[in-house]
Amino acid sequence: MSKTKTTYTGKDVIDFVNSYANNEQKKADSFRLIELLQDWSGFKPKMWGPTIIGFGNYHYKYKSGHEGEAPILGFSPRKAAFSLYVYSDTERSKALLLELGKFKMGKACIYIKKLEDINITTLKELCLESIKYINEHNECSCRTQ
């Protein structure tokens with residue numbers, strides 16, 4: 001079984017954004033996302049793997065037996081687009097996507113070019129729905145909040 005790369009690293013989040021975000025808009029949006037996700041999750045930002053900023057953590061276990069830790073919410077300011085790890089596959093989340101704005105959907109993440117392309121209120125609702133789902137289905141640090 002392969003080892004997951006998405007583990008808590010202890011690296012400094014601010015240093016990461018300043019060195020990794022490839023333009024001033026991406027830096028500004030990154031710092032705004034940090035504020036928002038910290039506010040909505042109640043957790044301080046931490047680096048997970050080399051490029052993911054995560055908030056809180058939970059333990060997952062797949063039917064295959066693979067298990068590990070992951071952030072409850074997270075994002076990465078990748079070169080082409082932000083990867084938002086804020087989605088749970090629920091009916092409410094699917095409905096909220098219709099109101100989100102301009103994005104592309106991956107298997108488990110939402111890709112956006114910049115924050116102004118999306119509805120922040122809808123993003124908040126997606127995040128809260130994801131926290132609720134993770135709390136109901138996994139051992140989660142969100143239970144201590």
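The values are calculated or read from the model by the stated rules, or taken from the named source; none is laboratory data. Note that this is a predicted model, so its numbers are computed, not measured. Here the Cβ is made from the backbone with ideal geometry for all residues, glycine too, and neighbour counts use every protein chain on show. Heavy atoms of the whole protein, side chains included, go into the accessibility calculation; ligands, DNA and RNA do not. Shrake-Rupley method; radii C 1.70, N 1.55, O 1.52, S 1.80 Å.
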Select, from 93, 76, the only residue that is touching a Leu at 6+ places or on another chain (Cβ under 9 Å) and under 18 Å from residue 131 (Cβ atoms).
93
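Residue-wise test of (1) modelled with pLDDT of 95 or more; (2) small (Gly, Ala, Ser); (3) open to solvent by 20 Å² or more (accessible area, probe 1.4 Å); (4) assigned to a loop (DSSP other than H, G, I, E, B).
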position	(1), (2), (3), (4)
2	no, yes, yes, yes
6	no, no, yes, yes
69	no, no, yes, no
80	no, yes, yes, yes
88	no, yes, no, yes
96	yes, no, no, no
Where the second residue is part of a helix (DSSP H, G or I) and of a type in the set (Phe, Trp, Tyr) and the first is on the phi > 0 side of the Ramachandran plot and lies in the range 6-30, which pairs have Cβ atoms under 9 Å and are six or more apart or on separate chains?
none
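Among the listed residues 63, 11, 26, 46, identify the single one that is in contact with a Phe, Trp or Tyr (Cβ under 7 Å, 6 or more places away or on another chain) and among the charged types (D, E, K, R). Reasoning before the result, please.
Values: 63 fails: in contact with a Phe, Trp or Tyr (Cβ under 7 Å, 6 or more places away or on another chain); 11 fails: in contact with a Phe, Trp or Tyr (Cβ under 7 Å, 6 or more places away or on another chain); 26 fails: in contact with a Phe, Trp or Tyr (Cβ under 7 Å, 6 or more places away or on another chain).
Of 63, 11, 26, 46, the one residue that is in contact with a Phe, Trp or Tyr (Cβ under 7 Å, 6 or more places away or on another chain) and among the charged types (D, E, K, R) is 46.
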So residue 108, is it modelled with pLDDT under 95, buried (at least 18 other Cβ atoms within 10 Å of the Cβ), out of contact with any Cys (no Cβ under 7 Å at 6 or more places or on another chain) and of a type in the set (A, V, I, L, M)
no
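Evaluate the range 81-94: report whether one residue or more is among the β-branched types (Val, Ile, Thr) and in contact (Cβ under 8 Å) with a residue 60 or more places away in the chain. Show your work before the answer.
Residues of the range 81-94 among the β-branched types (Val, Ile, Thr): 86, 90.
Still in the running and in contact (Cβ under 8 Å) with a residue 60 or more places away in the chain: none.
No - not one qualifying residue is present in the range 81-94.
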